[in-house]
């Protein structure tokens, strides 16, 4: 989709749909990505674009494929990046349940986030899990360690039994707090022990 060229005026074109300073490809890709992230099918995205931008805005299969491939590659780079430069005081571990398809059972997405030694909040890693079993959480924690995550001062985990059982395998020798959704008091201790 090309931006119109204005003649006979010094005023720059500003799209009411995309706004100023947004290139046509960025805006279109953002719109398509947002549709896919919200669970829309290719047909739904095409229909939404056609309703908004007109019938000529249909997406080709190659465009959809290119956008999806780009999203996949970007996520893969992020999901496999080394974590050895990350210095955390607090590591939060939990999972959220998501339905991938209508009528399907919800599946867990395992997540790790943290607070750096500088006080900045950081999203560490996200992984699909077939379950919240001890084995699933153990593999997740092994991946964090394998990618070089340094031991945090405190690991705070959700209350799922599999995570609680796997928590001793969390990176490092800090204290593990289980069953909390908010960080507790700072605990400066090197031996691993559980606080429940």
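Exactly one condition in (1) under 21 Å from residue 39 (Cα atoms); (2) not in a loop (DSSP other than H, G, I, E, B) is not met by residue 89; state its number.
Residue 89 satisfies all of (1) under 21 Å from residue 39 (Cα atoms); (2) not in a loop (DSSP other than H, G, I, E, B) except (1).
List pairs: first in the range 66-90 and on the phi < 0 side of the Ramachandran plot, second at pLDDT below 80 and outside any helix (DSSP H, G or I), Cβ under 8 Å, 6+ apart or cross-chain?
Partner pairs satisfying both residue conditions: 89/186; 90/183.
Which residue, of 141, 110, is in the same structural domain as residue 162 (by TED's automatic domain parsing), modelled with pLDDT of 90 or more, under 30 Å from residue 161 (Cα atoms) and surrounded by 14 or more Cβ atoms within 10 Å (Cβ to Cβ)?
110
Mind telling me which of the residues 125, 155 ends up being at pLDDT 90 or above, part of a strand (DSSP E or B) and buried (at least 17 other Cβ atoms within 10 Å of the Cβ)?
Values: 155 fails: at pLDDT 90 or above.
After applying the criteria, what remains is 125.
Has the range 66-85 got any residue that is surrounded by 15 or more Cβ atoms within 10 Å (Cβ to Cβ), modelled with pLDDT under 80 and touching a helix residue (DSSP H, G or I) at 6+ places or on another chain (Cβ under 9 Å)?
yes
The values are calculated or read from the model by the stated rules, or taken from the named source; none is laboratory data. Note that the coordinates shown come from a computational prediction; the quantities given were computed from them, not determined experimentally. Neighbour counts are summed over all protein chains in view; Cβ atoms, including those assigned to glycine, are modelled from backbone coordinates with ideal geometry.
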